[in-house]
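Colleague: Sharing a structure, written as structure tokens. Questions coming.
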Amino acid sequence: MAVLTISRELGSGGREVGSMISKALAYRFVDRERIIAGLKAAGHKWEKWTEGLDEHTPRVWEKYDWSFRGFVALVQSTILNEAASDRVIVIGRGGNYLLKGVPFALRIRIVAFLEDRVARVCEREGIDEDSVRRLIERTDRERAGFLISAYGLDGKDPADYDLVYDSSTMSFDRIAASITGLLVEKDLLRDEKSASTLKMRALAASIEACLLTKLPFFMSTLEVEFDREVICVRGVVRLPRERALVMEEAVRAAGDVPLKLELKYRT
């Protein structure tokens, strides 16, 4: 089946719409809980990052810290591997950017007028309006901050999605029905080649996450991507033993899949 990504403003009803689609099509969520499980599986060191997983804006030092890069890589690896396993709804965290170019991925965003968002969150959480306004402002800022740090984009541009729905002018039921119909159409674009390509992209993400979380040294440049027919590992190292470790870990993570290694020494 097609893959769905939902970007949403707090109080816009994105999760509610996702739940309707999940029940109708037997899709599962790739959300905070699912990603936390992926982080914990990577080891105790990464569990601390789950405390700030709700798309917080990284501090300046975090943006350039090896651990933050490893954290982002683990999140991306989890999303891509879940997406490659079929029948998933990816909630937030840049899923629309990660699945760009996948023919059978439907990338949508749900927004609403601020007053409607405030009213919904007040009713759902049972807290006062002023507190909700502050919560929405902080959440919007932190989600955009995380996306900028991870992808260089803030998630607000309609061009980054296939469709943007406004739940102030369209009911949750109608939005869910529209998306369900579009998913059926998107599923027709799924074939062996496109599914295989997504699996290779997911494997490349897994290899990059492995390198970023297991190597005992810092690499100023590291990139792992599926390039047409082969997974390519590119990076800059300082010493021959570092190069050997990168090759060893990459080959282990890739399994039987061939790699193209483009590792240069720092000059």
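The values are calculated or read from the model by the stated rules, or taken from the named source; none is laboratory data. Not measured: the values here are computed from a predicted model. Every residue, glycine as well, gets a Cβ built from its backbone with ideal geometry; the counts of neighbours run over all protein chains shown.
Colleague: Quick one: which residue in G145, G94, G155 is under 29 Å from A2 (Cα atoms), of a type in the set (G, A, S) and touching a strand residue (DSSP E or B) at 6+ places or on another chain (Cβ under 7 Å)?
Modeller: Of the residues listed, the single one that is under 29 Å from A2 (Cα atoms), of a type in the set (G, A, S) and touching a strand residue (DSSP E or B) at 6+ places or on another chain (Cβ under 7 Å) is G155.
Colleague: How many residues are part of a helix (DSSP H, G or I) and surrounded by fewer than 17 Cβ atoms within 10 Å (Cβ to Cβ) when one looks only at region 17-33?
Modeller: Final tally of qualifying residues: 5.
Colleague: Before we move on, is A254 under 13 Å from A73 (Cβ atoms) and out of contact with any His (no Cβ under 7 Å at 6 or more places or on another chain)?
Modeller: Here the answer is no, as A254 does not meet what is asked.
Colleague: Ok, one more. Which residues, taken from region 55-85, are at pLDDT below 55 and touching a helix residue (DSSP H, G or I) at 6+ places or on another chain (Cβ under 7 Å)?
Modeller: E55, H56, E62, K63
Colleague: Which one of A204, A176 is touching a Gly at 6+ places or on another chain (Cβ under 9 Å), at pLDDT 95 or above and crowded, with 20+ Cβ neighbours inside 10 Å?
Modeller: After ruling out the rest, the residue left standing is A176.
Colleague: Go through V75, V90 for me and flag whichever is in contact (Cβ under 8 Å) with a residue 40 or more places away in the chain, outside any helix (DSSP H, G or I) and buried (at least 21 other Cβ atoms within 10 Å of the Cβ). Give the steps one after another, and end with the answer.
Modeller: Numbers: V75 fails: outside any helix (DSSP H, G or I).
It is V90.
Colleague: Oh, and also: Conditions first: (1) of a type in the set (A, V, I, L, M); (2) assigned by TED's automatic domain parsing to the domain that holds L80; (3) within 26 Å of V102 (Cα to Cα). V230 passes all but one, so which condition is the exception?
Modeller: (2)
Colleague: Could you tell me which of the residues G145, G126, G94, G155 is among the small types (G, A, S), in the same structural domain as E9 (by TED's automatic domain parsing) and under 30 Å from A254 (Cβ atoms)?
Modeller: G94
Colleague: Turning to a different aspect of this structure: Any idea which of (1) modelled with pLDDT of 90 or more; (2) crowded, with 23+ Cβ neighbours inside 10 Å; (3) over 18 Å from A205 (Cβ atoms) is the one R143 doesn't satisfy?
Modeller: The one condition R143 does not meet is (1).
Colleague: Let me ask you something else. Within the bounds of region 110-122, is there any residue that is surrounded by fewer than 22 Cβ atoms within 10 Å (Cβ to Cβ), among the aromatic types (F, W, Y) and not in a helix (DSSP H, G or I)?
Modeller: Yes, the conditions are met somewhere in region 110-122.
Colleague: Right, next: Does I136 satisfy the criteria of being part of a helix (DSSP H, G or I), touching a residue at least 24 places away in the same chain (Cβ under 8 Å) and over 14 Å from the mean Cα position of the chain (by Cα)?
Modeller: Working: part of a helix (DSSP H, G or I): yes; touching a residue at least 24 places away in the same chain (Cβ under 8 Å): yes; over 14 Å from the mean Cα position of the chain (by Cα): yes.
It is true that I136 is part of a helix (DSSP H, G or I), touching a residue at least 24 places away in the same chain (Cβ under 8 Å) and over 14 Å from the mean Cα position of the chain (by Cα).
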